[in-house]
Structures are given as structure tokens and as C-alpha cells.
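Notes for the one structure printed next.
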Amino acid sequence: MAQLWTFKTQGPVKSSAAIINGKAFIGSGDGNVYCLDLSSGKKVWAHKTDGPVDSSPLVLENMVFVGSVDAHLYALDADTGKFIWKFQTGDKIIGSPNWVKSPKGDATWVLAGSYDFKLYCLDAATGKSNWVYESSNYINGSPAVANGQTIFGGCDAMVHVISLVDGQQLKEIEAGAYIIGSAAIRDSRAYLGHYENAFVCIDLAAANVAWTYKDRAFAYASSPAVTADRVVFGGRDKRLHCVNRADGKPVWTFPTRGKVDSSPVVCGDKVVVGSDDGRVYAVTLADGKQIWSYEIGQPVESSPAIVDGKIVIGSDDGNVYCFGAKVQQRR
């Protein structure tokens, strides 16, 4: 695994890349959303917002949807970066937008949470509001979508289950403390970490906590990767954790030298994640043994995006990095 290219921005890159059709879309603290050529790392286009872009872009139907600290959600043309629309909220948007088909199937809707405590559902084509749901604290993460519902954890320590049809609350489940990351949903269960040093599995049907994993007294801000039988997530205890999906029992932990707010990605039998120790790691899913690491030197809060054997990840040093197998030049 070698460094294939880097792209320099003018601010820390906390955003995670979306990769589609040979292009990587990523935000930067310099206020830009960038479109980069995946093979060369060359800039295809950049679009400037009025604040840092920590949100990870959503690329859909040849459009890029991304939030900015300037309190707007932007829709841009994926080919050119041209402005299509923007929607103003009351505060910054740092979580990634998500999407869903409208209940009638005749439109695409985009969902985004804001620090104004609200979750917005907008028409993807026009940016017009379909509904707004108000919680009682900041919304940090990306809303998950499953079974006609959207589910998110807030800084109000609640997991909110909302009807996608009209934005009405269906359930509110006490998680135990405020939730920084995004929930992962699988088989009617939500997996997420919170600020009171625990990682929980919430049974959405029963509306209760199915299991709780606690290790050391450090918060969990990383969003989990969920497989058929494992859940993998980073901790502020400087470790990557892997637990059994059924009961939350520990399988392994992998130590780094800095907090792990980066969200891990499972790729086959490997897990890739960044750490505030300035490194990107690849470990085995089976037992958490290190296979590879690369020292960037500055914290890596961005989460990896992996396509065709390439890893794209940002760093607080302002660079976007791409790693992959070096292609041997024929003589």
C-alpha cells in the first residue's frame, strides 16, 4: 500500500470523501467543496461556501449535496460544481446529508440535521422544504434511513425515530448521554456511541437499549461499521474496538496513540481507520492485528473512503491523501 497522490487544500480536512464515477468529492476547512480525479488527484472543480465544510458530501443523481458551517445545505452540479440551490438553516451543518425516495416514489428527498436542533427534509431537485422536525439539542451526525423512518441521535441524549412521510416523531428512546456520531442501522437495531463513555445497541422495535458496551472512561464519537456479526468503532481512549453484534461482548481492541474519532470502514477482511496520532491504519477484521499504517503526522478525523483498492482520506494538515497498490511501470 503506497501513497498514490495528495491534494493540498487551505484548511483542515475533517470531511470524508464520497467517491463515484472515478471522482472523489470532499470538503475542507477552507470553505470549499472539491471534486478530484481519483486516478491523479488533480482538481476537477471547487465550489466555495462561506464557512468550513466539515460535512461529508452526498453524491446522487449527478448532484452533490453538502452542508457548511455557514448554516446552508448546498446542491451543486457533480460534473461542473455549478451552484443549483442552497437552503438556509439556523446554525451550522457538520453531519453528512442522507437521502430517500419520497413515499409516493415520484421524487428524491434529502435529509440533513443542523446545530439549530432541527432535521430538514428537502426536495433534492428544488431545495424546497417538505417538513422540519425539531429536537431539543444539536444534531451532529448523519440521519439513518430504514423502513420508512429516519433515525438519528442528538445532543439531547435521545434517539429519535421519525416518519419519513410527514416528519412526525414515532419514538424517542433514551440513549444515556449526548450522541456525537451517526447511528448505523441493521435489522431494526441502531448502533451508536455517546459521551458518557458507552457504546449502545438500541432495539428500535422494542424502543429500549438491547446492550451496552463500556470499557474505559472515554467517549465514543466515531460512527460504527456494522457487519453480519461484528460492530467496529473508534474511541477517545485511543483505541479501535470490535464487539459481537448480538450481545456487545468484546472481540478485540487495537491501540493507537491518539483518539479515534474517524469512523472505520470494513473492506472485506480488513478495517481501515484514521487516528489523531496522525496515522491511517489497516487491521484484520478477524483479530485486530495491524497489517499496514501510514504516518501523515497531523490528526486524521476524516473517515476513509475505499473504492477499487484505493483509500481516500483527509487530514488536519489540509491534505487529501490517496493510498493504493503501486502500478509497476513496464519498461
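The values are calculated or read from the model by the stated rules, or taken from the named source; none is laboratory data. These numbers were taken from a predicted model, which means no experiment stands behind them. Here the Cβ positions follow ideal geometry from the backbone for every residue, glycine too, while neighbour counts run over all protein chains shown. When the accessible area is computed, the model is the full protein with side chains, heavy atoms only, and any ligands, DNA or RNA have been set aside. Shrake-Rupley method; radii C 1.70, N 1.55, O 1.52, S 1.80 Å.
Taking a point 7 Å out from the Cα of A210 in the direction of its Cβ, the residues of the range 133-149 whose backbone N falls within less than 18 Å of it are 144-149.
In square nanometres and to one decimal, what's the mean projected area of the convex hull around the Cα atoms of the range 233-315? Mind dumping the intermediate values first?
Values: hull surface 20.0 nm².
Its average projected convex-hull area is 5.0 nm².
Phi-derived couplings, Karplus 6.51 cos²θ - 1.76 cosθ + 1.60 at θ = phi - 60°, listed residue by residue for the range 111-127: 10, 8, x, 10, 6, 7, 6, 10, 9, 10, 10, 10, 6, 5, 6, 10, x Hz, with x used for Gly and Pro. Near the amide H of S222, within less than 5 Å, lie the amide hydrogens of G234, all on another chain or at least 5 residues away, with H placed in the peptide plane.
Taking the square roots of 5 times each eigenvalue of the Cα gyration tensor of the range 160-225, largest first, gives ellipsoid semi-axes of 22, 12, 11 Å.
Between W252 and C242, the built amide H atoms are under 5 Å apart, and every one of these is 5 or more places off in sequence or on another chain. Simple point charges give the picture: +1 on the Cβ of Lys and Arg, -1 on the Cβ of Asp and Glu, and for the range 200-330 a dipole about the Cα centre of about 280 debye.
These residues, D50, D261, D215, go from largest to smallest accessible area, 1.4 Å probe, as D50, D215, D261.
Both radii were evaluated on the Cα set of the range 104-252; the Rg over Rh quotient, with Rh as the Kirkwood radius, amounts to 0.99.
Residue separation times 0.36 nm, minus the C-alpha to C-alpha distance between E172 and S102: what's the value? Walk me through the numbers on the way to the answer.
Numbers: separation 70, 0.36 × 70 = 25.20 nm, distance 2.29 nm.
Difference between extended and current length: 22.9 nm.
Panel values: the range 128-190, Kirkwood radius from alpha carbon pairs, Stokes-Einstein at 37 °C and 0.692 mPa s, translational diffusion coefficient 278 µm²/s.
What whole-number distance in Å separates the alpha-carbon centres of the range 295-317 and the range 130-207? With the range 295-317 and the range 130-207 each reduced to a Cα centre, they are spaced 27 Å. Taken over the range 33-104, the percentage of Cα pairs per 5 Å bin, counting from 0 up to the bin with the maximum distance, is 4, 17, 26, 25, 17, 8, 3, 1, 0. With bins 20 Å wide beginning at 0, the percent of Cα pairs of the chain falling in each bin runs 33, 60, 7, 0. Note that the range 48-62 has calculated 3J(HN,Hα) couplings of 8, 10, 9, x, x, 10, 8, 5, 8, x, 10, 10, 7, 6, 6 Hz, one per residue in order, obtained from phi through the Karplus relation 6.51 cos²θ - 1.76 cosθ + 1.60 (θ = phi - 60°); glycine and proline are x.
Remark on the range 275-331: hydrodynamic radius 12.4 angstrom, per the Kirkwood mean of 1/r across alpha carbon pairs. Computed with every protein chain present, the accessible area of K171 is close to 70 Å² [probe 1.4 Å].
Mind giving me the FRET efficiency for E196 and K42? R0 is 45 Å, r the Cβ-Cβ distance, nearest 0.05 is fine.
0.50
Note on D106: accessible area is roughly 120 Å² with a 1.4 Å probe, heavy atoms of protein only. Using a probe of 1.4 Å on the protein chains alone, the accessible area found for W5 is around 10 Å². Cross-link pairs exceeding 26 Å in C-alpha to C-alpha distance, out of K14/K171; K48/K326; K43/K101; K14/K42, comprise K14/K171; K48/K326; K43/K101.
Can you list, largest first and rounded to whole Å, the semi-axes you get for the range 1-122 by taking the square root of 5 times each eigenvalue of its Cα gyration tensor? The partial results should precede the final answer.
Working: eigenvalues 114, 60, 28 Å².
Semi-axes (√(5λ), whole Å): 24, 17, 12.
Pairs over the 29 Å Cα-Cα cut-off, from the set K8/K238; K23/K249; K8/K86; K8/K214; K118/K249: K23/K249; K8/K214; K118/K249. Just so you know, the Rg over Rh for the range 206-266 is 0.96, from Cα atoms, with Rh as the Kirkwood radius.
How large is log10 of I(q)/I(0) for the range 16-58 at q = 0.18, 0.29, 0.31, 0.33 Å⁻¹ when the intensity is taken from the Debye formula with one equal scatterer per alpha-carbon? Once normalised to I(0) and log-transformed, intensities are -0.44, -0.99, -1.08, -1.15.
3J(HN,Hα) along the range 300-310, derived from phi through the Karplus expression 6.51 cos²θ - 1.76 cosθ + 1.60 where θ = phi - 60°, amounts to 10, 8, 4, 9, x, 10, 10, 9, 6, x, 9 Hz, with x in place of Gly and Pro.
Counting only heavy atoms of the protein chains, get the accessible area per residue of the range 123-163 (1.4 Å probe) and round it to a whole Å² value.
34 Å²
Backbone amide hydrogens, once placed in the peptide plane, bring S96 within less than 5 Å of S56, S142, excluding anything fewer than 5 places away on its chain.
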